[in-house]
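What follows is one structure encoded as structure tokens, with my remarks underneath.
The values are calculated or read from the model by the stated rules, or taken from the named source; none is laboratory data. Everything numeric in this text was worked out from a predicted model, so none of it was measured. Heavy atoms of the whole protein, side chains included, go into the accessibility calculation; ligands, DNA and RNA do not. Shrake-Rupley method; radii C 1.70, N 1.55, O 1.52, S 1.80 Å.
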Amino acid sequence: MSATAERPGRETLRAALRSPILRVIAPIVIMLVGFAIAQPRVVSPGNLLNIAVQASYLTILAAAQILVLLTRGFDLSIGMTVSLVSVVAALAMTAGGHAGPEAVLFGIAAGLGTGAAVGAINGALVSLVGVNPFVVTLGMFNILLALSSIVSGGFPVQGLPAGFLSLFGGTFAGVPVPVAAAVLVVLVVHLILGRTVFGRSLYLIGSSPAAARVAGVRTRLHLWAVYVLCSGLGAFGALLLTARTQSGEPNLGGSLALQTIAAAVIGGTRLQGGEGSALSAVAGALFVTVLSNGMDLVRVDSYIQQVCVGAIILASLVLDRWTAARRS
């Protein structure tokens, strides 16, 4: 075979190796091997399944965050959206003492509606009023934090219907529902971003808002819609997490905002917008979950764990800035 015939294959291989997603896979494998040497239980089938389930929640929320990051924004309120949705859905399902299918459907509708309402407010302030996303979502974070405590009285809402727990926390064809749900969300987001005009417009808005306007993209409508979609997916993730804890928790999403941003950036999504994918959420969520799970099993001090996670987030942000500077 001639050198010219081999060259396209080599170029394809080099391009694959430069993929941010593939660059995350190697550290994940290295972490698993390293943790397994210290604690063989890390790679046991039961723990690997546990990692998959834990990562599924973060994957869904990171995919939601990526949609906003593509447009040069971010949602710091997504964690508190999870908390408020959890409480509202639980209260809706337990109101009146009913536990039938109607109560489950009412709770699901209330939770998803709450998430969509939060996203609509965030999106309106960012796209129509023109307020910086950091200011909007940080303010919303504090509002939702207070509302979660007020609505729940500061205590978990117990007594969720068995039907809800089975629907969002059981298994589907032998696969844990959270894992199946994460696969579905990633597939839907992947199709939206790669196969729809709306998705391609998000990349254009993130790459160059001015060019998007010149191209006829209704940037305000797209920005509003993407915040609604982000919070809507966050609400879906909240329902899954509520089934996992079997109660409506006012503190359920405390640290999730930074975790979703970390997972997105580690997976290859740029904070400057215009670059990222649904698969970035999978890679980043697995990285964060494997790190956290491994440190738990080898009994790393919780404060040291926070230092490690924080250092990795900062390193990811620095790498993101360095990569952007090299491209410019």
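Relative contact order of the chain, please, whole-number percent, based on alpha carbon pairs below 8 angstrom and at least 6 residues apart.
Numbers: 515 pairs, mean separation 108.4, N = 328.
Once divided by the residue count of the chain, the mean separation gives 33 percent.
Once you sort the root eigenvalues of the Cα gyration tensor of region 187-289 as a ≥ b ≥ c, which label holds: rounded (a/c under 1.5), prolate (a/b larger than b/c) or oblate (the other case)?
On the way: a/c = 2.30, a/b = 1.77, b/c = 1.30.
Note, shape of region 187-289 comes out prolate.
When a/c is below 1.5 the answer is rounded, else prolate if a/b is larger than b/c, else oblate, so apply that to region 82-126 with a ≥ b ≥ c taken from the square roots of the Cα gyration tensor eigenvalues.
Prolate shape, in that a/c is at least 1.5 and a/b is the bigger ratio.
Does the chain come out rounded, prolate or oblate by the C-alpha gyration tensor, with a ≥ b ≥ c the root eigenvalues, rounded set by a/c under 1.5 and, if not, prolate when a/b is larger than b/c and oblate if not?
Cα axes put the chain in the oblate bin.
Per residue, how much accessible area does the chain show when a 1.4 Å probe rolls over the protein heavy atoms, in square angstrom?
48 Å²
Tell me the mean residue ellipticity at 222 nm calculated for the chain from its helices only (DSSP H runs of n ≥ 4, each -39500 (n - 2.57), averaged over every residue, nearest 500).
-25500 deg cm²/dmol
Of the accessible area of the chain, with the probe set at 1.4 angstrom, what percent is carbon plus sulfur? Numbers along the way, then the final one.
On the way: 10710 of 15590 Å².
Percent of accessible area from carbon and sulfur atoms in the chain: 69.
Amide H of F172: which non-local residues (sequence gap of 5 or more, or other chain) have their own amide H closer than 5 Å, using H built in the peptide plane?
Residues meeting the amide H criterion: V177.
Leaving out ligands, DNA and RNA but keeping every protein chain, what accessible area does I313 have, in Å² rounded to the nearest 10, with a 1.4 Å probe?
40 Å²
Rounded to the nearest whole Å³, what is the per residue volume of the convex hull around the Cα atoms of region 98-163? It would help to have the intermediate numbers written out before the result.
Values: hull volume 6.2 nm³, N = 66.
Convex hull volume per residue, Cα atoms: 94 Å³.
Using a 1.4 angstrom probe on the protein heavy atoms only, line up R195, R244 by accessible area, largest first.
Of R195, R244, the descending order of accessible area is R195, R244.
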